[in-house]
1. Name the residue farthest towards the positive end of the dipole of the chain from the options Leu11, Leu200, Pro112, assuming +1 on Cβ of Lys and Arg, -1 on Cβ of Asp and Glu, about the Cα centre.
2. Under 15 Å Cα-Cα from Lys225, which aspartates and glutamates qualify once same-chain neighbours fewer than 8 residues away are excluded?
3. More than 31 Å apart: what percent of Cα pairs in the chain qualify?
4. Efficiency by 1/(1 + (r/R0)^6): what FRET value for Arg76 and Asp222, r their Cβ-Cβ distance, R0 = 25 Å, to the nearest 0.05?
5. How long, wide and thick is segment 1-99, going by the Cα atoms along their three principal axes, in whole angstroms, largest first?
6. Can you give the Rg and Dmax of segment 76-124 based on its C-alpha atoms, in angstrom?
7. Pairs Lys139/Lys183; Lys119/Lys139; Lys119/Lys219: which are spaced more than 31 Å apart, C-alpha to C-alpha?
8. Length gain on complete extension for the stretch Asp197 to Trp57, per 0.36 nm per residue less the alpha carbon to alpha carbon distance?
Amino acid sequence: MSHHIVELNDLSHVYPDGTTALKGINLRITHGESVAIVGANGAGKSTLLLHLNGFLWPTSGSVRIGDYPLTKETLREARRTVGMIFQDPDDQLFMPTILDDVAFGPFNLGLPRDEVERKVEDALARMDIAHLRDKPPYKLSAGEKRRAAIATVLSMTPDILVLDEPTTGLDPLGRRQIIAILKEFTHTRIIATHDLDLVLDLCMRTIVLHKGSIRADGKTLDIFKDQALLNECHLERPLSMQGCPVCNARTSP
């Protein structure tokens, strides 16, 4: 299923103020993979994600989504393929009601009303927020906003789900609920996060960014057992692995 593939070739990005955020990124993510992007603040995680559906364009190098390079001409199809969930749900919730927000994407794709209604109802049900459909976003809790933001993307039935810090601001229950929901998404998942315990739960593969470059790319448990690598990249082991005498015996998710 080549339409699920994400490929970055020698990707670099320099912001207008001269800050180099990414340097020569090469990676390939295939159908069904669940991949974590981790790194300290400023490592380039969010910048990388914003290239995956054209919110940012490379200074040099290229992005390929499925069968086609990402260009102005293929941008619409790429955004239908890649569903982006931002770190701040308020960046995605801007309509008078949650129902309007979840319907916005499918209507913008030009889908007929009956298909939009079906997709919206399915997304609201999957996120267990059908009872919030008529509420304005500002009246929702942080966890409810996060669910609603994910619903706005699921209603477009993406093949690839991209999430930037999906558990930020959530209490323990809300965090567990979001993890359970993400486990149900069976296509490709790409998650940038500081929540390394979430990575253990969801991602078989982890990519470590350090100062805008890929420092490591491998099996999640192998990455988290490499204390020298974690120290170099200013990361700590997941809490569930800290001080655990049998952590090396833990099996991959």
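Each reported figure results from applying straightforward, stated rules to the coordinates on display, with no laboratory input. Values in this document were obtained by computation on a predicted structure and should not be read as measured data. In this analysis, Cβ positions are derived from the backbone assuming ideal geometry, glycine residues included, and neighbour counts consider all displayed protein chains.
1. Highest projection toward the positive end goes to Leu200.
2. By straight Cα distance, Lys225 reaches Asp197, Asp217, Glu236.
3. Values: 7863 of 31878 pairs.
Roughly 25 percent, once rounded to a whole number.
4. Working: r = 38 Å, r/R0 = 1.54.
According to the calculation, E is roughly 0.05.
5. 42, 36, 28
6. 11.1, 31
7. Working: Lys139/Lys183 27 Å; Lys119/Lys139 24 Å; Lys119/Lys219 35 Å.
Beyond 31 Å: Lys119/Lys219.
8. Working: separation 140, 0.36 × 140 = 50.40 nm, distance 3.11 nm.
Gain on extension, Asp197 to Trp57, equals 47.3 nm.
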